[in-house]
Amino acid sequence: MNIFYLLMPLALLLGLFFLAAFIWFAAHGEYEDLETPAYRILVPDSNDNER
Amino acid sequence: MHFTAVIMKVLSAPILNSEFRNCMHCGNSVKNSELSGFCCRGCETVYGLLKERKLMRFYALQDSDNSVVKPVSNYNVDEDFSYLDSDAFKERYAFNNQREMRFYLEGVHCAACIWLTEKLPDFVSGVEFLRLNLANSVALVRIASNGSFAAAASELRKLGYFPHPTKQQEFSVKESSENRKHLVQLAIAGAMTGNIMLFAAALYAGADGFFAQTLRWLSFFLYIPVLSYSAQSFFLSAYIAFSKKQVSIDVPIVFGIVVGTIASVTNLLLNSPHIYFDSLSAIIFLLLSTRYLLKRIHQKALNSSEFLHFMMPSRARRKNATTGVFEEVLVDAIKVGDIVQVHPKECFPADGIIRSGESSANIALLTGEALPIDVFPGEKVHAGTYNEAAPLEVEVVSSGADTRLGKILSSMEASFLKKAPIVSYLDQVGQIFIFAVLFLTAVAFFIGFTSSWYEALNRALAVAIVVCPCTFALATPLAISLAISKAAKLGIIVKGADVIERLSQVDTIFFDKTGTLTNGELSVLQWNSFSPEAEAVLISLEKNSRHPIAQAIQKYFSSAKEKVCIAPTLIGFKETSGRGVSAFINNIFYEARRSSIEIRNKQKEEILSVVALYRNEEKIAEVILGDHLRKNSLEVIKKLKQLKMDIRLLSGDSESAVSSVARALEIPECNVIAAASPEVKGQIVKEHKNSFMIGDGANDAIALASAYVSMAVQGGMEVSLRAADSYSSVAGIAPVLQLLALGKKTMNIIRHNLVFAVFYNIVGITAALSGHLNPLFAAILMPLSAFTVISYTVFRLQR
């Protein structure tokens with residue numbers, strides 16, 4: 001049973017890490033345009049060097 | 001703005017051809033034999049440009065994508081974009097140190113377009129960066145400090161994408177930061193709910209002792225950000241409702257959250273097992289999700305390219321007083337006394353007097369009159385009407401808000417403000433609901449109080465938890481957002497969530513005539529020939545004129561038959577305004593001229609004009625012109641009558657023109673109002689309680705704004721689009737039927753959900769009041785009921 005006291009904080013930390021990553025992406029506009037990237041990936045040498 | 005709509009109409013028309021060759025740029029069949037391998041000059045130029053710039057990869061990308069490039073058609077490379085670099089313009093449209101600007105690009109649609117437009121910095125010096133959003137066809141262009149927006153725009157134009165600058169609207173910045181915040185709130189609520197539920201599972205499964213205690217405290221800590229950050233908007237809106245002494249749907253939600261939180265925290269401190277952090281955070285998460293969905297679907301409709309198209313600045317060509325050269329300026333910059341030039345198919349930018357040129361003007365959008373009128377120097381033309389035939393120079397006598405159009409606009413805005421806010425069905429029910437909940441909780445408390453203090457609290461809590469506002473708070477917004485997105489798929493943009501509800505109450509429908517029930521353009525209704533040579537003669541005569549009548553005749557003959565006529569040589573061609581055209585062919589004098597209109601009542605469509613062809617004053621042919629009814633108008637009206645709708649016709653056109661249309665559509669005389677001014681139209685519509693107005697022009701704008709619910713049809717003016725609650729991008733009035741059906745269906749689903757909720761609540765509350773339902777079981781039952789209504793809503797509306 002005692003292993004839970006180690007695993008639970010670890011699991012929570014892992015979850016919090018992904019939550020933080022999501023928040024960071026949301027704050028940087030990653031979820032604003034959900035359509036164009038699907039097309040842009042078809043274009044190999046598009047100007048992806050900015051942003 | 002309307003100009004482009006006209007082009008799109010022309011482009012979408014099927015092209016008849018005899019040869020089976022395809023254009024090397026757009027893949028359309030080639031009709032014009034002068035251009036080898038291209039359908040039009042524009043396509044040829046773009047192809048040449050791409051070849052020269054070594055951008056031929058465009059075609060490879062486009063093939064792999066199976067998409068179709070639109071033909072470039074009307075090609076005017078010398079378009080003047082210099083106004084983009086003027087300080088006054090940059091002040092309003094550019095941002096980020098005036099180095100960035102957004103353009104709506106007409107015609108972008110595939111991966112190849114993204115590739116091509118984003119290549120712009122490679123071959124236009126001064127352009128640093130271009131990023132295209134395909135969802136709404138908006139490109140963000142950044143230029144170097146010495147760069148020019150005009151250069152970028154004219155290059156885009158050359159590539160076949162017409163750039164229209166769009167304003168970086170303040171609300172769109174606000175909108176995007178609000179969206180981000182909402183998304184973060186949603187993410188936190190989701191992540192915390194997931195973890196709390198895992199702990200709850202362990203607790204339900206029978207964890208005990210110190211372990212259970214740890215799990216409860218952990219749930220509490222994870223619940224704190226959900227309550228304090230994610231649930232902010234509920235508290236805020238409940239507070240606003242409270243301070244206005246109103247009850248919104250957020251009030252019962254906040255009540256539930258507060259009661260649940262207090263009870264859970266008390267039990268946590270008392271070491272009792274009854275905590276509800278899992279249900280509370282789950283309900284917050286679900287509510288936030290549906291709200292986010294509704295918001296995004298709504299924004300998507302309002303940001304769609306069709307809509308943006310109309311929000312573009314209008315321009316005009318003004319004569320520079322010192323140099324005498326015409327230059328492009330924004331319409332706002334035009335002042336009284338300026339001379340502006342207006343090309344055919346362009347909109348007059350202001351009210352003015354014609355100084356030079358003879359033409360005809362289409363005034364249908366301003367007055368509803370279907371027949372174009374001939375205009376001469378010295379006559380007045382109005383903003384919002386269209387020049388049809390020849391270039392004109394107009395001296396401005398009033399501009400902006402002082403024009404006829406401007407006055408209609410301001411009175412439309414006034415009627416918008418006066419429009420009574422709708423007390424939605426939801427809020428009415430919610431109001432009863434909150435008082436019922438408060439009352440029942442109190443009752444539960446007192447019933448329980450007879451046995452013990454603890455029992456009283458427990459029963460009150462069970463009532464508060466089992467009572468589920470989810471039907472109102474979850475399923476209803478979901479139903480409405482699904483209905484809005486369904487409408488968008490049908491090509492109808494719905495501007496507000498309450499429109500769906502209003503639609504279900506409509507009983508009187510007002511139609512505008514010109515452009516709504518009819519096509520709004522002159523076309524040939526009938527062609528009577530008494531002599532074999534008549535057709536060839538008429539075609540070659542009318543070919544030389546740009547008058548709307550001549551163009552309608554040309555269009556009729558070019559599309560009706562594929563006959564190859566050998567055009568006879570004309571000698572001494574003469575066009576007389578208001579009369580017709582004449583010339584000598586093989587020494588015989590031919591004249592095509594307007595004859596007086598004999599209204600034939602048996603004729604189903606409206607006759608606007610009759611042109612007769614004379615050979616040496618002997619009548620050899622007759623063309624009857626009018627405004628065709630839209631193909632499905634009669635059918636739609638019949639179906640609307642079956643729905644017991646009161647159909648009315650409201651037009652600014654003359655009595656005779658309107659009544660013949662009414663007869664054709666089987667609308668009784670008493671329901672027809674002709675020669676109504678825009679203000680009168682608005683007044684009549686306002687007098688009916690549940691009115692649904694459908695129109696297209698500026699003359700409908702006030703009526704559209706004052707109607708209970710309204711729709712602007714395709715091809716309408718910007719003003720009407722702004723005034724109406726919804727906008728159809730599909731030709732004709734068939735969307736009216738679809739929209740009404742959708743409104744009915746959606747409200748039906750909402751009512752079904754309400755019936756279920758009432759049933760569920762009666763059972764739940766009875767059980768809770770009698771003490772058969774403990775709060776823990778209530779907490780399990782509540783999400784189940786939410787799940788039921790949500791799946792029913794989705795299931796019904798997806799089909």
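The values are calculated or read from the model by the stated rules, or taken from the named source; none is laboratory data. From a predicted model like this one, the values you see are computed outputs, not experimental measurements. With ideal geometry, Cβ positions are generated from the backbone for all residues, glycine too; neighbour counts draw on all protein chains shown.
Worth pointing out:
- Exactly one residue out of B:L183, B:L116, B:L105 is within 30 Å of B:T290 (Cβ to Cβ) and not in a loop (DSSP other than H, G, I, E, B), and it is B:L183.
- Scanning the stretch B:403-451 for residues that are modelled with pLDDT under 75 and assigned to a loop (DSSP other than H, G, I, E, B) returns B:K419, B:A420, B:P421, B:I422, B:V423, B:S424.
- The single condition from (1) assigned to a helix (DSSP H, G or I); (2) out of contact with any helix residue (DSSP H, G or I) (no Cβ under 7 Å at 6 or more places or on another chain) that B:F692 fails is (1).
- For the stretch B:371-385, residues that are touching a Lys or Arg at 6+ places or on another chain (Cβ under 8 Å) and buried (at least 23 other Cβ atoms within 10 Å of the Cβ) total 2.
- Residues satisfying the stated conditions in the stretch B:108-134, i.e. facing another protein chain (nearest Cβ under 10 Å) and without any contact (Cβ under 8 Å) to a residue 40 or more places away in the chain: B:I114, B:E118, B:L120, B:P121, B:D122, B:E128, B:F129, B:L130, B:R131, B:L132, B:N133, B:L134
- Residue that is closer than 26 Å to A:L13 by Cβ, away from chain A (no Cβ under 14 Å) and in a helix (DSSP H, G or I), where the choices are B:L222, B:L203, B:L280, B:L218: B:L280
- Looking across B:V610, B:V623, one residue alone is out of contact with any helix residue (DSSP H, G or I) (no Cβ under 8 Å at 6 or more places or on another chain) and either within 30 Å of B:H547 (Cβ to Cβ) or charged (D, E, K, R) (or both). It is B:V610.
- Tally of residues being at pLDDT 80 or above and buried (at least 16 other Cβ atoms within 10 Å of the Cβ) across the stretch B:766-784: 1
- Failed item, numbered, when B:R502 is tested on (1) modelled with pLDDT of 80 or more; (2) part of a strand (DSSP E or B); (3) under 21 Å from B:V713 (Cβ atoms): (2)
- B:T516 falls short on exactly one of the conditions (1) surrounded by fewer than 23 Cβ atoms within 10 Å (Cβ to Cβ); (2) polar (S, T, N, Q); (3) touching a residue at least 24 places away in the same chain (Cβ under 8 Å); (4) within 30 Å of B:G578 (Cα to Cα), and that condition is (1).
- Test for B:K174: is it part of a helix (DSSP H, G or I), within 30 Å of B:E100 (Cα to Cα), out of contact with any Asp or Glu (no Cβ under 9 Å at 6 or more places or on another chain) and away from every other protein chain (no Cβ under 11 Å): yes
- Selected residue [at pLDDT 70 or above and polar (S, T, N, Q)] from B:N96, B:N76, B:N32: B:N96
- The stretch A:35-48: number of residues that are more than 7 Å from chain B (Cβ to nearest Cβ) and modelled with pLDDT under 80: 4
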